[in-house]
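One structure is given below, encoded as structure tokens.
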Amino acid sequence: MGKRILCAALAALLVCMLWAPALAAKKIPILYGDVPVDLKIPGSYQSLIRADGEEQTVLSKELFWDSTADVRFGYVYAPNLGETNLRLGPRSKASIVTKAKTGRIVLIFERLPEWTGVIYDGKIGYLMNATVKIIEDPAQPRATATLSYKGRTTGTTKINMHIAGNGTSRRVVGLRPGMDVTIFYQGEKWSEIECNGWHGWVLSIHLADIVDAPAAEPEATPQAETGDEGEDAEEVFEPDVVEDVLLD
């Protein structure tokens, strides 16, 4: 019995040793022009990078893995539990690297039949395809704006971002007034945005100082995703009406 346990442990260790170099090999430097950069905050339209000791916001379509391959973006989609496992390799028994939070924007380096290779908050791993929404490239926003609460762009009130365009869908993160956002769909009640490395929906009343984005080729109007049914039906979600949650 002891030998079998030891053999199993050694086999697991060997798998990890085999996967780790393979993933390390995928750490291809991200280039802006011909300059390697550190990606601080990813976004499908704009990203914050650090190059030569200085931070700057650039168009994401101008970032590359190398001289030929475009950087692709997506976001974690786990509406039931709010998070999913980022694994070391593309299999269900691979070691868990970390818990990937729903709505977080990721960089995609590989798409397999059942798994997607991503960079999540600087960590490399694999997510099941069902938990990754690929953002069409190039992502073209309709406008940019600033978050506000009751007409103010300052304060400590959190504005709730949700995974879908309704108040019963899972809350993604709380955002502060004054943060800049990119708008991809603006509805009468809900808008689809990106902000500070997150992708989701907020109440449209929280968008101020809206500036139309430069014109682009015609595109299909995104539709607000409905909330999950089934196992989510009995969960109690934080309602998102006019009043939002205050910070402690």
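Every number here is computed from the coordinates shown, using simple stated rules; none is lab data. This one's a predicted model, so the numbers in the text were calculated from it and none came from an experiment. Don't worry about glycine lacking a Cβ; one is built from the backbone with ideal geometry, like all the others, and counts go over all protein chains shown.
State which entries of K99/K189; K158/K189; K99/K150; K61/K189; K123/K189 exceed 25 angstrom in Cα-Cα distance in the structure shown. Going by Cα-Cα distance, K99/K189; K99/K150; K61/K189; K123/K189 fall outside the 25 Å limit. Using the beta-carbon distance between W65 and N129 and R0 = 22 Å, what value does 1/(1 + (r/R0)^6) give for FRET efficiency, to the nearest 0.05? Efficiency at R0 = 22 Å is approximately 0.60. Please find the FRET efficiency linking E83 to I210, where r is the Cβ-Cβ separation and R0 is fixed at 35 Å, and quote it to the nearest 0.05. About 0.65, to the nearest 0.05. Applying Stokes-Einstein at 25 °C and 0.890 mPa s to the Kirkwood radius of region 28-134, computed over alpha-carbon pairs, gives a translational diffusion coefficient of 173 µm² s⁻¹. What shape does region 31-92 have by the C-alpha gyration tensor, where a ≥ b ≥ c are the square roots of the eigenvalues, rounded means a/c under 1.5, and otherwise prolate means a/b greater than b/c and oblate the rest? Cα axes put region 31-92 in the prolate bin.
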